[in-house]
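Asker: Handing you this structure, nothing more for now.
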Amino acid sequence: MQSLRTGLRVLLQFERNRRDFSVTEIAIRTGLGKSQVSKILCALVDSGLLVQDPETRSYAVGVRTFALGSRFTSFDGLCQAATPIMRDLLQRTRHSVRLSVPYRDKSLYLIGLEGPLFMDTGWHSGSSVAMAAASAGRVMMAYETPARRAHLLGLAVPQLTPHTVVERTALERLVADAQENGWSIQRHEVVVGLGVISVPLFSGEPQAVGALSLAFPSHSVG
């Protein structure tokens with residue numbers, strides 16, 4: 001069981017929003033020895049979960065990991081319910097639509113449908129960010145319990161752009177506004193030039209189970 005947990009520690013390093021990692025980088029991040037990490041990576045390559053670049057010798061997510069992960073979006077009830085609504089929003093607005101869900105202490109960008117007015121932001125399905133840093137996370141936080149909301153507001157928020165709101169008092173106000181309005185909007189905070197408006201999704205409970213977001217070039221919407 002311990003060896004399985006160790007292998008998972010290595011595999012889960014690939015959750016980060018990067019293409020590939022070296023043995024040394026993973027050893028530093030996990031605190032494991034390079035020899036042990038190398039053996040685990042080789043086993044993961046043999047299974048098809050990872051691939052190794054023959055020139056750089058770095059490792060990246062393999063197609064089998066994608067196949068495994070796609071089973072979630074194929075069968076999850078929220079994903080199935082949200083997808084036709086997302087398609088309709090894309091058709092009516094021509095802007096990109098995203099589905100995000102709470103994942104531990106972060107907002108996880110789960111599904112994205114790109115519209116003809118698509119703006120490449122570098123954020124893709126599987127990316128995650130501190131809940132308070134993005135409109136999707138803020139609108140989900142608005143419907144959390146007071147204790148959970150206070151916990152999330154107490155976490156550090158990365159300064160993604162010069163416009164990212166990171167000060168707690170200001171974030172508390174933004175979350176309170178999201179609760180009052182039923183939506184949250186931000187501009188230039190995650191990517192300069194990008195605007196995002198998000199609304200919460202519910203499934204019979206007071207807490208939001210996800211958020212739908214419309215992402216648009218900020219200049220295109222007044």
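Asker: Can you give the calculated 222 nm mean residue ellipticity of the chain, where each DSSP H run of n ≥ 4 adds -39,500 (n - 2.57) and the sum is split over every residue, rounded to the nearest 500 deg cm²/dmol? Intermediate values should be presented prior to the final figure.
Answerer: Values: 8 runs with 91 residues, N = 222.
Dividing the helical sum by the residues of the chain leaves -12500 deg cm²/dmol.
Asker: In addition: Using DSSP to call loops (not H, G, I, E or B), can you name the GluC sites (Glu not before Pro) in segment 126-222 whose Cβ has at most 12 other Cβ atoms within 10 angstrom?
Answerer: GLU167
Asker: Another question, then. Please report the projected area of segment 165-212's Cα convex hull averaged over all directions, in nm². Display every interim value, and only then the final one.
Answerer: Working: hull surface 15.0 nm².
With every direction weighted equally, the projected area is 3.7 nm².
Asker: Additional query: Looking at the chain, what % of the alpha carbon pairs are farther apart than 21 Å?
Answerer: Result: 60 percent of Cα pairs exceed 21 Å.
Asker: Next question, about the same structure. In terms of solvent-accessible area of protein heavy atoms at a 1.4 angstrom probe, what is the ranking of LYS39, LYS106, LYS34, highest value first?
Answerer: LYS39, LYS34, LYS106
Asker: Placing +1 at every Lys and Arg Cβ and -1 at every Asp and Glu Cβ, with all other atoms neutral, what dipole size does segment 45-202 have around its Cα centre, in debye to the nearest 20?
Answerer: Charge dipole of segment 45-202: 220 debye, to the nearest 20.
Asker: Here is a follow-up. Can you give the Rg/Rh ratio of segment 67-179, where Rg is from the C-alpha atoms and Rh is the Kirkwood radius?
Answerer: On the Cα set of segment 67-179, Rg over Rh gives 0.99.
Asker: So what does ARG148 come to for accessible area, using a 1.4 Å probe and Å² rounded to 10?
Answerer: 70 Å²
Asker: Could you look at the chain and say what percent of its accessible area is carbon and sulfur, using a 1.4 Å probe and all protein chains? Can you show the working numbers first?
Answerer: Values: 7020 of 12190 Å².
Answer for the chain is 58 percent, counting heavy atoms of protein chains only.
Asker: Output the 0 to 90 degree angle, nearest 10, between the alpha-carbon long axis of helix 63-75 and the longest principal axis computed from the alpha carbons of the chain.
Answerer: 40 degrees
Asker: Follow-up. Could you tell me, in Å, what Rg and Dmax come out for the Cα atoms of segment 1-54?
Answerer: That works out to 10.3, 31 Å for Rg and Dmax.
Asker: Limiting things to C-alpha atoms, what are the Rg and the maximum Cα-Cα separation (Dmax) for segment 99-163, in angstroms?
Answerer: 12.7, 41
Asker: For LEU201, what accessible area in Å² do you get when you roll a 1.4 Å probe over the heavy atoms of the protein chains, rounding to the nearest 10?
Answerer: The accessible area comes out at roughly 40 Å².
Asker: If I fit a long axis through the Cα atoms of helix 34-47 and take the longest principal axis of the Cα atoms of the chain, what angle between them do I get, 0 to 90°, rounded to 10?
Answerer: 80 degrees
Asker: Then there's this: Of PHE75, ILE28, ILE111, whose Cα points farthest to the positive end of the dipole of segment 1-124 (charges on the beta-carbon: +1 Lys, Arg; -1 Asp, Glu; origin at the Cα centre)?
Answerer: Farthest along the dipole direction, towards plus: ILE28.
Asker: With charges set only on the Cβ (+1 for Lys and Arg, -1 for Asp and Glu), what does the dipole of segment 1-76 come to about its Cα centre, in debye to the nearest 20?
Answerer: 220 debye
Asker: Which GluC sites (Glu not before Pro) in segment 2-98 pass both tests, a DSSP loop state and at most 13 other beta-carbon atoms within 10 Å?
Answerer: Taking segment 2-98 and a limit of 13 other Cβ atoms within 10 Å, the loop GluC sites (Glu not before Pro) found are GLU55.
The values are calculated or read from the model by the stated rules, or taken from the named source; none is laboratory data. Since this is a predicted model, take the numbers as computed values, not measurements. Methodologically, a virtual Cβ is constructed for each residue, glycine included, from the backbone with ideal geometry; neighbour enumeration extends over all protein chains shown. We work out accessible area using only protein heavy atoms, side chains counted, and drop any ligands, DNA or RNA first. Shrake-Rupley method; radii C 1.70, N 1.55, O 1.52, S 1.80 Å.
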